[in-house]
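Asker: Starting off with a structure, shown below.
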Amino acid sequence: MNSSKLVELLKERLPSKDLEWRFDRKTDKVRLEHKVLKKGMDISLPEILAKYETKKESAINEVIYTIKETFNAMEIEESEGFTKDGAIYPVIRSTSFPQTSKAGDRFIVKDHTAETRIFYALDLGTTYRLIDETMLDSLGMSEQDIMESAMFKVRSLPTNMKKDEVAGNLFYFVNNNDGYDASRILNQAFLKEMEGKIEGHMTVSVPHQDVLIIGDIRNDTGYDVLAQMTMQFFTVGAVPVTSLSFIYEDGKLEPIFIMAKNRVARRERKKK
């Protein structure tokens, strides 16, 4: 599979007289423009091809779904505008994620860690729309209102988990596929509850938006496993966030680097 074949495949799977396709071979991106809405989206082809190597057909299905839902959301926005009826949730993005929309409107954002930033999304059912400053009047809310509403709603999200044990270390995976799995990192009550269950060092990872990984790291091998695991998730995620994990201590998230001296220092602190 190469970029040209991928574009042709996507065109076949998304037949529409309203969509105009522009393939830029130099940047290896394709631009989809909705002729009626006069809006569109850019798709980076190398990222999809990399995922295709491991996920095959499911990688294509993910892209098709994203495109369909994005344009559906645009159509709803065009016909109905925005209302306060939709729930507002926080979403986690990397610090490299653009802080303005394609139209140049500033998104509502808040700093989180050195690796992550909080954006805010209006839930539209099967998709969501990142909130920018032009939407505030329609929503009848201030930036502070948006932030407070989102932090309240994130606490209502279910925290069902799957547990796995590797080399004596425990890993808990939150993966509800609702678009807000990584957002659970903002639920302090949940993190505190998990902290009470952890026997080793508690780590928190958000390699992409659709997973939150909590680690109970009980030996040095656990850090190596965690590094490999988060990198794998990071490379296959539809919306990558960060391959770097965090240590959770005293209600704070601190980035960790997989180095022996850090492991020893933290192990000694844990004993005290």
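Asker: Looking at 90, 98, which is the one that is out of contact with any Lys or Arg (no Cβ under 7 Å at 6 or more places or on another chain) and open to solvent by less than 50 Å² (accessible area, probe 1.4 Å)?
Answerer: 90
Asker: Find the residue count for the range 55-73, including only residues that are out of contact with any helix residue (DSSP H, G or I) (no Cβ under 6 Å at 6 or more places or on another chain) and either crowded, with 16+ Cβ neighbours inside 10 Å or in contact (Cβ under 8 Å) with a residue 24 or more places away in the chain (or both).
Answerer: 11
Asker: Another question, if that's okay. Name the pairs whose Cβ atoms lie under 9 Å apart, with the first residue in the range 183-207 and within 26 Å of residue 109 (Cβ to Cβ), the second open to solvent by less than 10 Å² (accessible area, probe 1.4 Å) and basic (Lys, Arg), and 6 or more positions between them or separate chains?
Answerer: Matching pairs, first to second residue: 190/184; 191/184; 206/184.
Asker: Also: Could you tell me which residue of the range 118-135 is modelled with the highest pLDDT, considering only residues that are among the β-branched types (Val, Ile, Thr) and either part of a strand (DSSP E or B) or open to solvent by 10 Å² or more (accessible area, probe 1.4 Å) (or both)?
Answerer: Looking at residues that are among the β-branched types (Val, Ile, Thr) and either part of a strand (DSSP E or B) or open to solvent by 10 Å² or more (accessible area, probe 1.4 Å) (or both), I get 118.
This table checks each residue for (1) over 20 Å from residue 119 (Cα atoms); (2) surrounded by fewer than 20 Cβ atoms within 10 Å (Cβ to Cβ).
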| residue | (1), (2) |
| --- | --- |
| 143 | no, yes |
| 146 | no, no |
| 150 | no, no |
| 153 | no, yes |
| 160 | yes, yes |
| 172 | yes, yes |
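Per-residue answers, yes or no, for (1) in contact with a His (Cβ under 9 Å, 6 or more places away or on another chain); (2) of a type in the set (Val, Ile, Thr):
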{"position": "212", "(1), (2)": "no, no"}
{"position": "215", "(1), (2)": "yes, no"}
{"position": "218", "(1), (2)": "yes, no"}
{"position": "221", "(1), (2)": "no, yes"}
{"position": "230", "(1), (2)": "no, yes"}
{"position": "247", "(1), (2)": "yes, yes"}
{"position": "250", "(1), (2)": "no, no"}
{"position": "255", "(1), (2)": "no, no"}
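Asker: Would the range 106-117 turn up any residue that is at negative phi, within 17 Å of the chain's Cα centre (by Cα) and assigned to a helix (DSSP H, G or I)?
Answerer: no
The values are calculated or read from the model by the stated rules, or taken from the named source; none is laboratory data. Everything numeric here is computed off the predicted structure, so don't read it as measured data. No Cβ is skipped: glycine too gets one built from the backbone with ideal geometry, and neighbour counts run over all protein chains shown. The area values use the complete protein model at the heavy-atom level, side chains included, leaving out ligands, DNA and RNA. Shrake-Rupley method; radii C 1.70, N 1.55, O 1.52, S 1.80 Å.
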